[in-house]
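This report refers to the structure that appears directly beneath it.
The values are calculated or read from the model by the stated rules, or taken from the named source; none is laboratory data. Please read these numbers as outputs of a predicted model, since none were measured by experiment. So basically every Cβ, Gly included, is an ideal-geometry build from the backbone, and we count neighbours across all protein chains shown. Accessible surface areas use protein heavy atoms only, side chains included; no ligands, DNA or RNA. Shrake-Rupley method; radii C 1.70, N 1.55, O 1.52, S 1.80 Å.
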Amino acid sequence: IPIQDDYYCAIGRLTKQKNFMFLCKAFKQVINKYSNIRLLIIGEGDQQKIITRYIKKKNLEKNIFLIGFLDNIFYLLSRSKGFILSSLWEDPGFVLIESAMSNTLIFSSDCDTGPKDFLENEKNKFIYKTNDMNSFLLNFEKLMKKSDEEKYKIRVLMKKSIKKLIFFNHYKSLEKIIS
């Protein structure tokens, strides 16, 4: 695992829903401009062989790594440059909460449910249109151009945003309704 290098994390089952083939194709284009950048995909699933073949066919073995399943993702996530969510749909998007709690920037598709409940437009995240290569590349470039100070402010706002998703807040809301 290339811990010493700049890397982004993607986490989830290697399934159609998580859309990791799209992410690998998009990252291939990112690598053309930022050759030292890395992508760690953490998870296992039925598309593992397909993704592995694509990585080998496109000579991306030095930039994209399939890590497999990990019990504890926080070590890698908290040291990464950001978390990338490439999903076609999410429900409810716990990995977004884990990323925010790890103080990790989030770069997400605008897929239904999870991200829309948590991410506020242009405030606490970087977002792109689901399955849209041009949108991915344009918005990833915006992320890369942000200063460290701007990224810090985004992380702070992101942590504040997760409060509305924490179970205790849901409990308090239900308690008001029931009382």
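Some values worked out for this structure:
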quantity: Dimensionless Rg ratio for the range 35-114, taking C-alpha atoms and the 2.2 N^0.38 Å reference; calculated: 1.14
quantity: Within the range 1-97: Cβ-based charge dipole about Cα centre, in debye rounded to nearest 20 (Lys, Arg +1; Asp, Glu -1); calculated: 540 debye
quantity: Nonlocal amide H pairs with Tyr128, under 5 Å, H built at 1.01 Å; calculated: Ser108, Ser109, Asp110
quantity: The range 36-110, accessible area per residue, ligands and nucleic acids excluded (1.4 Å, Å²); calculated: 50 Å²
quantity: Stokes-Einstein D (µm²/s) once Rh is taken as the Kirkwood radius of the range 1-52 over alpha-carbon pairs, at 4 °C in 1.567 mPa s; calculated: 112 µm²/s
quantity: Calculated FRET efficiency for the pair Ile50/Lys129, C-beta based, R₀ 30 Å, to 0.05; calculated: 0.80
quantity: Difference of contour (0.36 nm per residue) and Cα-Cα distance, Lys159 to Asp91; calculated: 22.5 nm
quantity: Antiparallel content of DSSP bridges confined to the range 35-111, in %, to 5; calculated: 10 percent
